[in-house]
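The values are calculated or read from the model by the stated rules, or taken from the named source; none is laboratory data. As the structure is a prediction and not an experimental result, all values here were calculated from the model. Note that each Cβ is placed from the backbone with ideal geometry, even for glycine, and that neighbours are counted across all protein chains shown. Heads up: the accessible areas ignore ligands, DNA and RNA and are worked out on the full protein's heavy atoms, side chains in. Shrake-Rupley method; radii C 1.70, N 1.55, O 1.52, S 1.80 Å.
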There are 4 protein chains.
Amino acid sequence: MADSATLLISCPDKRGLVASITDFIFKHEGNILHLDQYVDVEDNIFFMRVEWDLANFKIWRQDIEGAFQPLADSFEMRWQLHFSDKTPRMAIFVSKQSHCLYDILSRWQSGEFNVEIPLIISNHPNLQSVAEQFNIPYHIFQITKETKAQQEQAQRELLENYNVDFIVLARYMQIITDDFVSHYPQNIINIHHSFLPAFVGARPYHQAYARGVKIIGATSHYVTAELDAGPIIEQDVTRVTHQDSVKDMVRKGKDLEKSVLSRAIWYHLQNRILVYNNKTVVFH
Amino acid sequence: MADSATLLISCPDKRGLVASITDFIFKHEGNILHLDQYVDVEDNIFFMRVEWDLANFKIWRQDIEGAFQPLADSFEMRWQLHFSDKTPRMAIFVSKQSHCLYDILSRWQSGEFNVEIPLIISNHPNLQSVAEQFNIPYHIFQITKETKAQQEQAQRELLENYNVDFIVLARYMQIITDDFVSHYPQNIINIHHSFLPAFVGARPYHQAYARGVKIIGATSHYVTAELDAGPIIEQDVTRVTHQDSVKDMVRKGKDLEKSVLSRAIWYHLQNRILVYNNKTVVFH
Amino acid sequence: MADSATLLISCPDKRGLVASITDFIFKHEGNILHLDQYVDVEDNIFFMRVEWDLANFKIWRQDIEGAFQPLADSFEMRWQLHFSDKTPRMAIFVSKQSHCLYDILSRWQSGEFNVEIPLIISNHPNLQSVAEQFNIPYHIFQITKETKAQQEQAQRELLENYNVDFIVLARYMQIITDDFVSHYPQNIINIHHSFLPAFVGARPYHQAYARGVKIIGATSHYVTAELDAGPIIEQDVTRVTHQDSVKDMVRKGKDLEKSVLSRAIWYHLQNRILVYNNKTVVFH
Amino acid sequence: MADSATLLISCPDKRGLVASITDFIFKHEGNILHLDQYVDVEDNIFFMRVEWDLANFKIWRQDIEGAFQPLADSFEMRWQLHFSDKTPRMAIFVSKQSHCLYDILSRWQSGEFNVEIPLIISNHPNLQSVAEQFNIPYHIFQITKETKAQQEQAQRELLENYNVDFIVLARYMQIITDDFVSHYPQNIINIHHSFLPAFVGARPYHQAYARGVKIIGATSHYVTAELDAGPIIEQDVTRVTHQDSVKDMVRKGKDLEKSVLSRAIWYHLQNRILVYNNKTVVFH
C-alpha cells in the first residue's frame, strides 16, 4: 500500500465545494481512494472526508498544506490533513477492570490498530501485570480530592514527554477535570456503560436493573466538560431479560464496552470523525 | 388443539413451591405443556407460569379455582387463572398516525392475534376510514383541557358497555388521567417512541437527533400514573447515523413502534407477563 | 421541496471522475443535495449517486441527458437519470399470505412510499378483500404447469397496459419463468424467508428448524434466472431458541419479511441501488 | 455462595416428570435455585435443568447419584449430575490468529470463566508468546497428511495426562479426524466464521463477499464427524455493506468470533447445554 493523504473538512455549505476540492486533487494527479461528504441541511454545514493516493501526486508532501490553503480560505473551511504513514500515539487510562485494556492491547499486538502505545496510566496498581505482559510502561497516580489537581498536572507532563496524541479512558473510574479536558479537545475517548443519555453517572447497570429495561447498552464519546454528555461516537446494545441480575448485566455489558470502545478507537485512528454541535459525523 | 389452563403465580419464595404446584396438576392427571419459573433472589419472590392440557384433567373447569385456593393460601400466592378458549376483548386508542393501527389490525385479521376488537377510540377523525376498512366501530372523543374529565368518563362507560378487557394505546397522543388509569391496572399498553428511560415525554425523535445518538428505539410498557415510567414490557432499537434527519428517524422508528407494540400485545394475550416492583417478568 | 435530479453511474474507475461530474453540475449552477461514491478496487469499477436541486439549474430538464452524454461517453459510463417528480408505478404479486401486502399498502396509503400501485396480481382469490379495502384492482391468474406460459403472457400484457415500471413479489408462491424475468431486468423484487444463501428453495423455516439454527432471517433480492440467487438488496435476522417451533419461526419471520421487503422497495424507489457482478451497491 | 448441584435430564415426555423430580429435591430439603424445562412436542422428548442449593440438602454429595438412580430409571432418563465446586479443565487449540485466544484468556484471568486451562495446543509456533504471557504450557504439533494420525494420537495422550475435560478450537485451522472426535463427544467446541449453514468450509468471508450478503455471522458448534455440521450452540451476526472488502469482513468478523465462541464456552461451563437430534437445547 502506497502512502495516502486524508483531508477532513467542514465549512458553510456552498455550491461548487465538491467540484473545487476534487479538482484540486485531480489537477495535481492524485487518485481519490475514498470520498464521503454530508450536508447538514438544517444548519447548512458541509462535511467531507477525502483520501487520495500520493504515489503520483505532483505536490510534495510538505507543500500540500500551503497549496490547499487558498481554497480552504475561500470557503472558510476548518480542515485537517493526515498522512497514512504517520502513526499516532495513544495513552490508555485504566482503573481495576481489565476487559477493555486486554481488548485494546490484543488488537494492537495483532496489527489491527495502527497506533503506538507509549504508556498506560492508572489510579490503581491492579493492572500492572497486564501492562508488563505487553511490555508497556505503567504509571500509577493515586488520586484523592486533595491531590487531584497536582496529579493531573503530573499526568499532563508525562503525556507531553511521551508525545501522546490522544487518550483512551478504558474504564478509568475517575472524573477528569475541565482543565485537563481542555488540553485534549476531541482527543479523549471514553466508554460509558449505558446507552446514553439513559443512565448517566455512577452504576448504570444498577440503574438499568432497577428500571427493568429489556436492553442494555454502551456508549463511546469524546470527553467534554459535562459528565457523560460529550459527542457520541458509537453505541451498541444487547438484550436482557428479567432473569438477568446486575451481575449478569455487568458480564454481558463488558462485551459491549469492549467492542464499542474499540470501534471508536478505530474510527478515530482512521480519521473518520468530525465533531460539530456536540455531535459527530462518522464516515463509515 | 385441546383447551388448556394457565396459572400465573407470584409469592414469597419457599422450598417446595414447584413440587407442590406441579403435584397439584399431576395428581389430577393434567399434562404440563409449558412451565416457566423464576426467583428474584434479591427480593425473595417466586414467579411461575404453568400451562397444562385440560383434555384429561379430573377437575371441572369451574371447580379449578376452588380446588387450587388452599394451596394458594398456604404459600400466600397472588395468582390468575386463564383458559385458552376465552378470547379477550381489546380496545385500541389512536390519534392521527396509522402505522401501528394497520399493523395490529392486519395481525388480527390474519389470525395471529387471538383477540376481539369491539371498538377503536380516537381524539381525531383521521383514521375513521381505516376502521371502516376492517368493519370496526370508530368512536371520536374530541378532548380539550376543559372536556377531558368528562370525555374520559364517557370513554369508560363505552368500554364497559363493550366488555373491554384491556386497552392498547397505538400512538394515542393524549395523556390519560390517573383516575382513568386506576380503572385498568396493568391493562393499558402504551408504545413510546424512544428506548426508555431516555427521551421521556414529547418529541423523542427530536430529542434523539439533538443528542446525536447512534441508536434509536421504541418501548412498550403498562401505563401508570407517572408519564412514560410504567413497567417495560418490550424494547427494540435500530441504528442511525449522522445522515438521518429527524424525518428519517421518524420513518425508521415507525417500524420499531409497530413491532415492539405488537410483541407486547402478543405477550399480554398469551398471559406471559407478571408485574412487580414496576418491572415485568416476561416468560418467552 | 423543489424538484431534484439523480444520476446513477457506474464505469471503469479513472482519475478525475468525481471532479468532472461535480463540475458538470456546478458549472450549470446545480446545488448538490447528496453525493455518494464507491470504488470497487478489486474490479476497478466506479459507482456514484448524485442528487442535485433543479431550482436554479441552467439546463432544461429535457436537455440534461443530451448535455451529459459527451461526459458519459468519455468515461464509458452506464448511467440512469431520474427526476424526483416522476412517480414510478409498481405492481404487487401475492398468493395467500397478507402480511407483506398489508405492510406495503399501509406505507403507501400513509405517504411513506412515493409510488403508484395500479394493480395487484395473484394466483389465488384469498386477498381480493384486502385489495378492495384499498381500492386497488385485483387480477387473478390461476396457474398450472400447463397454463403457466400462457398466463404469464397475459400478465405481461396487463402490466404493459398499466404502464408498470417494476414488480414486487410479496410472498408470491410461484416460480417465475426466465422469459418473464428477462422483460424486467433488475425490476422484480422478491422476499425470501431465510438469510440467503442458507435455506434456498421451499420451506426455509422447516429447514432452519431441522438444522437447529439460533438465528433466522429474511432476504430481499432482485429476481434472476437462478432461484433465490439474484443480487441481494437487504437482509435482516432475529434470534430464535430451542423453544421456537416452526410455527413460532413463521410468526417471527413474518415481521422480518415485512420490514426487509419494505426497505428494499424504499431503496429502489429512492434510486439508491446499483447492480453489478450479481451484487448490489446500496447507497444509504 | 454455597455449593450447588445441577441435574441435566432428557427422557421421553410423561405426565408427572416435573412433579417427581422437584419432589425428590424438596423432600430431601434442597432449595431450587434455577429450574428450566422444555418439551419437544413433535418428538415427545422432555428436557430439564435444575440447580439446587446443597447447604441443607439431606443426602451426602457422594450418595446423590445412587439416591436419584431409581427415579431416573423409572422415567428412562439420560442424565448428568454436576457440582458447582468442581472446576472443569479445558484445552485450547489454536493456529496463528490470536483474537479468540486473547479473548478467552483474558476472561479466564479476570475470573469470568470458572475453568482451568492446563495447556494450549497448536500446529504453529506463532502464539507461543501469548501462552507465555499467561504462563500456560504451549505444545506444538506440526501436522502433515502423513503425520496427522500419529500427531493426534500424541495429542490425545497429552490431553489425558492433563486430565482435560473438554476442548475449544479457537480458530484451529485443522480438520480433526473422526477418530479423535469420537473420544470427545459433545466436548469439542468449534467456532466457524459464518452463519451456518451458509458458507461451510474454507474461506467463508471470501464466499460471503462473492455472494454479496448484507450480513455476516459466526457460529459455535460441537464438532461431529461431518464438517461444520455439528449441533449449533450459539450464533451472531453483524451488518456489512458494499463498502466492506474481504479484509473489512475479516476485521468485523473477528469480533463476532470472539464473542460467539466465548458465549458457547460460558454455556458449556454452566452446564446449560443438552444435545439431541444434532441440535442443542441451551437454557439461558
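Per-structure values
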read-out	value
Average partner coverage of C:36-46, which counts Cβ from other chains inside 10 Å	3
For D:Asp13, distant residues with modelled amide H under 5 Å away	D:Ile45, D:Phe46
Per residue, in Å², the accessible surface of the protein assembly as shown once ligands and nucleic acids are set aside, probe 1.4 Å	41
Most fluctuating residue given options D:Glu76, D:Glu152, D:Glu257, as computed from a GNM of chain D linking Cα atoms under 10 Å	D:Glu76
Region D:1-96: chymotrypsin sites (Phe, Trp or Tyr not before Pro) in DSSP coil with no more than 13 other Cβ atoms inside 10 Å	D:Trp60
Of A:Lys86/D:Lys254; B:Lys145/C:Lys258; A:Lys58/C:Lys58; C:Lys252/D:Lys252; A:Lys279/C:Lys58, those spanning more than 32 Å from alpha-carbon to alpha-carbon	B:Lys145/C:Lys258; A:Lys58/C:Lys58; A:Lys279/C:Lys58
Charge context of B:Ile233, other residues only, Cβ under 12 angstrom, K/R +1, D/E -1	+2
Partner lysines for B:Lys148 [C-alpha distance under 21 Å; skip if fewer than 8 residues away on the same chain]	B:Lys96
10 Å Cβ neighbours from other chains, averaged over peptide C:232-239	4
Nearest 10 degrees, 0 to 90: helix A:246-269 Cα axis against chain A principal axis	20
Debye, to nearest 20: dipole size of the protein assembly as shown, +1 on Lys, Arg Cβ, -1 on Asp, Glu Cβ	0
Using a 7 Å Cα-to-Cβ projection, C:Val200 label spacings across copies, nm, ascending	1.4, 5.4, 5.4
Whole-Hz couplings from phi, Karplus 6.51/-1.76/1.60, listed for region A:36-46; x for Gly and Pro	10, 9, 8, 10, 7, 5, 4, 9, 6, 10, 9
Residue-by-residue Karplus 3J(HN,Hα) for region B:75-90, coefficients 6.51, -1.76, 1.60, Hz, glycine and proline x	9, 6, 6, 9, 8, 10, 10, 10, 10, 5, 8, 8, 8, x, 10, 10
Carbon + sulfur, % of accessible area of chain A - ligands and nucleic acids excluded, 1.4 Å	48
Threshold 20 Å², region B:184-200 residues less accessible with all protein chains present than alone (1.4 Å probe)	B:Phe195, B:Pro197, B:Ala198
Averaged over A:204-211, number of beta-carbon atoms from partner chains that fall within 10 Å	2
D:Arg15-A:Thr144 pseudo-label distance in nm [points 7 Å out on the Cα-to-Cβ vector]	7.3
Anchor B:Lys14: aspartates and glutamates whose Cα lies under 16 Å away (excluding residues fewer than 8 positions away in-chain)	B:Asp23, B:Asp40, B:Glu42, B:Asp43, B:Asp73, B:Glu76, D:Asp23, D:Glu29, D:Glu51, D:Asp53
Among B:His28, B:Ala72, B:Val50 - extreme Cα towards positive end, dipole of region B:4-83, charges at beta-carbon	B:His28
Within a Gaussian network of chain A (alpha carbon springs, distance under 10 Å), most fluctuating of A:Val168, A:Val41, A:Val50	A:Val41
Phi to ³J(HN,Hα) by Karplus 6.51 cos²θ - 1.76 cosθ + 1.60 over region C:17-23, Hz, x for Gly, Pro	4, 4, 4, 5, 5, 5, 5
In nm, spacing of pseudo-spin labels at B:Gln128 and C:Gln243 (7 Å Cα→C-beta vector)	4.4
Cα centroid of region B:232-283 to Cα centroid of region D:45-88, whole Å	40
Using a 7 Å Cα-to-Cβ projection, A:Lys145 label spacings across copies, nm, ascending	4.6, 7.5, 8.8
Rounded FRET efficiency, nearest 0.05, which uses the C-beta distance separating B:Val200 from A:Gln80 and R0 of 35 Å	0.40
Summed buried accessible area for D+C [probe radius 1.4 Å, Å², rounded to 100]	2900
Helix B:99-109 axis, angle to chain B major axis (alpha carbon atoms, nearest 10°)	40
Computed magnitude of the charge dipole of region A:3-84 (debye, nearest 20; Cβ of K, R +1, Cβ of D, E -1)	200
Solvent-accessible area lost in complex, 40 Å² minimum, residues of region D:240-260 relative to chain alone, 1.4 Å	D:His242, D:Gln243, D:Arg251, D:Asp255, D:Lys258
Distances in nm from D:Leu81 to the matching label points in the other copies, shortest first (labels 7 Å along Cα to Cβ)	3.8, 7.6, 8.3
Helix-only CD estimate at 222 nm, as mean residue ellipticity for chain C, using -39500 (n - 2.57) per DSSP H run (n ≥ 4)	-9500 deg cm²/dmol
Cα-based helix-to-principal-axis angle, B:148-161 vs chain B, degrees rounded to 10	40
Selection from A:Asn277, A:Ser262, A:Val240 lying farthest towards where the dipole of region A:89-282 points positive, charges on Cβ	A:Val240
FRET efficiency, 1/(1 + (r/R0)^6) with R0 56 Å, evaluated for B:Ala67 and C:Ala225 via beta carbons	0.30
Student exercise, region A:1-150 dipole from Lys, Arg, Asp, Glu Cβ charges, in Debye to nearest 20	460
Cα lying deepest toward the dipole's positive end in region D:4-83, options D:Leu81, D:Trp60, D:Val18, charges on Cβ	D:Trp60
For the D-to-C rotation axis, chain D residue with nearest beta carbon and its distance in angstrom	D:Ala198, 2
